[in-house]
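See structure below.
The values are calculated or read from the model by the stated rules, or taken from the named source; none is laboratory data. Values in this document were obtained by computation on a predicted structure and should not be read as measured data. Here the Cβ positions follow ideal geometry from the backbone for every residue, glycine too, while neighbour counts run over all protein chains shown. Keep in mind that these areas ignore ligands, DNA and RNA; they rest on the heavy atoms of the full protein, side chains included. Shrake-Rupley method; radii C 1.70, N 1.55, O 1.52, S 1.80 Å.
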Amino acid sequence: MVFNTGAALLDAIVLAVVSKEEEGTYGYKITQDVRRAIDVSESTLYPVLRRLQKEGFLIVYDRECGGRNRRYYQITETGEGQLADYRREWEEYSSKISELFSEEEV
């Protein structure tokens, strides 16, 4: 992708991905889901997950899987509120950009 992804957009994408799983989801799956929209490495994603946890938007817990613990991330009520704010901002932002890219006269 030729457009840079800012921290706020990456936060919004991660919260959207995590919110789709009521029980939460694990880091590798989050990375794979995020990669459907943007190119991101795991080394970029894990600091985002830690920051979202620190800000109270995600909770983290471990669950046994195949004899090993797997770290899961689940969105909090505060995170849901932040995601709603991101969605509102995105709608406004993306409609303005789409309008500018339109070949129709504004």
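Of note:
- Any chance residue 56 is modelled with pLDDT of 95 or more, loosely packed, with under 13 Cβ neighbours inside 10 Å and not in a helix (DSSP H, G or I): yes
- In the range 63-88, residue least open to solvent (accessible area, probe 1.4 Å) [restricted to those that are modelled with pLDDT of 95 or more and among the acidic types (Asp, Glu)]: 85
- Which listed residue is surrounded by 13 or more Cβ atoms within 10 Å (Cβ to Cβ), touching a residue at least 40 places away in the same chain (Cβ under 8 Å), out of contact with any His (no Cβ under 6 Å at 6 or more places or on another chain) and over 13 Å from residue 80 (Cα atoms), from 26, 46: 26
- For the range 11-23, a residue qualifies if it is out of contact with any strand residue (DSSP E or B) (no Cβ under 8 Å at 6 or more places or on another chain), buried (at least 17 other Cβ atoms within 10 Å of the Cβ) and either free of Cβ contacts under 8 Å to residues at least 40 places away in the same chain or of a type in the set (S, T, N, Q) (or both), and the qualifying residues are 13, 14.
- Whichever residue in the range 1-37 is modelled with pLDDT under 90 and among the β-branched types (Val, Ile, Thr) and, among such residues, is farthest from residue 65 (Cα to Cα): 2
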